[in-house]
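Taking it in order: structure first as structure tokens, then the write-up.
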Amino acid sequence: MNTQSQTALRKPKATAAADNPRIAQVRDWLLPRKPEMVASLRELVLLESPTRHKAVCDKLCAVLADQFQQLGGRVKLHRQKKAGDHLQVDFAGARGHKPVLLLGHYDTVYNTGTLATMPWRESKGLVYGPGVFDMKGGIVQMMFAIRALHETGPLPRPVTVLLVSDEEEGSETSRVLTEKIASRCEVVLVCEPAGHGGALKTARKGVGSFSIRVSGVASHAGLDFEKGHNAILELSHQIQAVAAMTNLERGITLNPGVIRGGTRTNVVPPEAEAEFDLRIASKVDGDVMMRKVRALRAVNKKCKLHVEGGVNRPPLERSPQVVALFRQAQRVAGQLGFSLSEVAVGGGSDGNFTAGMGIPTLDGLGAVGDGAHSPRESVVAAEMPRRAALLAGLMASVRIF
């Protein structure tokens, strides 16, 4: 795994987008293809793909594999026993360059059958449906960006597409694969949804999860109250201590999200547990916060604390490499006739893993829309060709040495 210090020598060297005529060519090829892109998106949305529902995920994976193969890609399925299979597609390009990795996922947060209450629909320039924004719109834009480059000449460099099936539940089966493939690539372009107004994501918080379990002593709440040691009461002290560690100025939040404990109201509870979400803006803060949590001590010395978990998704920090990639994307957008802004967000993506390895990573290159993980999830249809052109133009012009 690369470190930030190792990659500091690989600073991006920008080439002006205006010097690359392919960008205008892919724009002109893509702009008339909005109806075709919307039809392709509808096909993917109608194939529901909730995380962990292996059968339906594999069905969508097979469809995607066939579509990418028709574009000239070499398909490799990474079989999984529990999760859906992960899809890798390699496209040959000009020699002498490492591949660009287009990274994303095809699983969604919606259970099978959601289409019955949240159907595909089109209204006032928006398209709606489960997973349309996060992130099947981004997958369609990947495919059309590659098509546009094929139609305007040879691929300027090799391209690898990786679509995993378990990103929405922590990337448990795919993280090692993502990091292995990314380690062979020059840059990573993450086709997760864009930020508000189409902004690219140049920083994402790291994500951690941990639990604190308290072991107390049970007793009868009426007959032997004083002989018991209340695990719930002790846990309440620990929850307050953890919550006090939140530091909004540094981008650190700790949220107690789940609490369990007790058996009956007339029993002093011997066990209690809380699960926490941790978000950090820097890797250093993640290490510091977990040391603080593990250093907690019981207020009631008759109770014992057990802490499990840690940071499972490092932050995507706004490094010089990320900034240089964003500047290149801005120049491409300028040639396409629009401007780009950047944003830092609290949620994580698989781009956090690749950025944590020190590989230049730019996120938010997917669809423009709103309402991820909600009944109002939607994509702005007119933006799809333009975003595909941005992705294709960036692939055609990016220079990292």
| Identity of the residue in the range 384-401, assigned to a helix (DSSP H, G or I) and over 21 Å from the mean Cα position of the chain (by Cα), that ends up modelled with the lowest pLDDT | Ser397
| query | Does at least one position in the range 146-156 carry a residue that is of a type outside the set (Lys, Arg), assigned to a loop (DSSP other than H, G, I, E, B), touching a Leu at 6+ places or on another chain (Cβ under 6 Å) and in contact (Cβ under 8 Å) with a residue 60 or more places away in the chain? | reply | yes
| field | Filtered residue count, the range 57-80, keeping only those that are under 21 Å from Asn111 (Cβ atoms) and of a type in the set (D, E, K, R) | value | 2
| Out of the range 338-356, which residues are modelled with pLDDT under 95 and assigned to a loop (DSSP other than H, G, I, E, B)? | Gly346, Gly347, Gly348
| request: Could you tell me whether the range 200-219 includes any residue that is part of a helix (DSSP H, G or I), in the same structural domain as Asp90 (by TED's automatic domain parsing) and crowded, with 18+ Cβ neighbours inside 10 Å? | output: no
| query | Can you tell me which of Leu223, Leu235 is more than 30 Å from Gln141 (Cα to Cα), free of Cβ contacts under 8 Å to residues at least 60 places away in the same chain, assigned to a loop (DSSP other than H, G, I, E, B) and not hydroxyl-bearing (Ser, Thr, Tyr)? | reply | Leu223
| note | Of the residues in the range 179-220, those that are under 12 Å from the mean Cα position of the chain (by Cα) and within 23 Å of Met142 (Cβ to Cβ) come to Leu189, Val190, Cys191, Glu192, Pro193, Ala194, Lys201, Ala203, Arg204
| note | Picked from the range 269-285 (must be within 17 Å of Leu316 (Cα to Cα) and of a type in the set (A, V, I, L, M)), the residue surrounded by the fewest Cβ atoms within 10 Å (Cβ to Cβ) is Val284
| query | Can you spot a residue in the range 325-346 that is touching a residue at least 12 places away in the same chain (Cβ under 8 Å), more than 24 Å from the chain's Cα centre (by Cα) and under 30 Å from Lys227 (Cβ atoms)? | reply | no
| Which residue, of Gly222, Gly262, Gly197, is over 21 Å from Ala355 (Cβ atoms), surrounded by fewer than 21 Cβ atoms within 10 Å (Cβ to Cβ) and assigned by TED's automatic domain parsing to the domain that holds Pro156? | Gly197
| request: Restrict the check to the range 320-338 and report whether at least one residue is surrounded by fewer than 18 Cβ atoms within 10 Å (Cβ to Cβ) and within 24 Å of Glu167 (Cα to Cα). | output: no
| task | Mind listing whichever residues of the range 165-193 are of a type in the set (Asp, Glu) and either buried (at least 20 other Cβ atoms within 10 Å of the Cβ) or part of a loop (DSSP other than H, G, I, E, B) (or both)? | result | Asp166, Glu167, Glu168, Glu172, Glu186, Glu192
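One line per residue, one yes/no per condition, for (1) under 30 Å from Val398 (Cα atoms); (2) out of contact with any helix residue (DSSP H, G or I) (no Cβ under 9 Å at 6 or more places or on another chain); (3) part of a loop (DSSP other than H, G, I, E, B):
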site: Asp66; (1), (2), (3): yes, yes, no
site: Leu77; (1), (2), (3): yes, no, no
site: His97; (1), (2), (3): yes, yes, yes
site: Leu102; (1), (2), (3): yes, no, no
| remark: In the range 45-64, anything in contact with a Phe, Trp or Tyr (Cβ under 8 Å, 6 or more places away or on another chain) and not in a strand (DSSP E or B) is listed as Val45, Leu46, Glu48, Ser49, Cys57, Leu60, Cys61, Leu64
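Residue-by-condition table, conditions (1) crowded, with 17+ Cβ neighbours inside 10 Å; (2) of a type in the set (Val, Ile, Thr):
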site: Leu77; (1), (2): no, no
site: Lys98; (1), (2): no, no
site: Thr108; (1), (2): yes, yes
site: Met118; (1), (2): yes, no
site: Met142; (1), (2): yes, no
site: Arg147; (1), (2): yes, no
site: Leu155; (1), (2): yes, no
site: Val159; (1), (2): yes, yes
site: Leu163; (1), (2): yes, no
| message | Conditions first: (1) hydrophobic (A, V, I, L, M, F, W, C); (2) buried (at least 24 other Cβ atoms within 10 Å of the Cβ); (3) over 23 Å from Gly137 (Cα atoms). Met357 passes all but one, so which condition is the exception? | response | (2)
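The values are calculated or read from the model by the stated rules, or taken from the named source; none is laboratory data. Values in this document were obtained by computation on a predicted structure and should not be read as measured data. All Cβ positions, glycine included, derive from the backbone under ideal geometry; neighbour counts span all protein chains shown.
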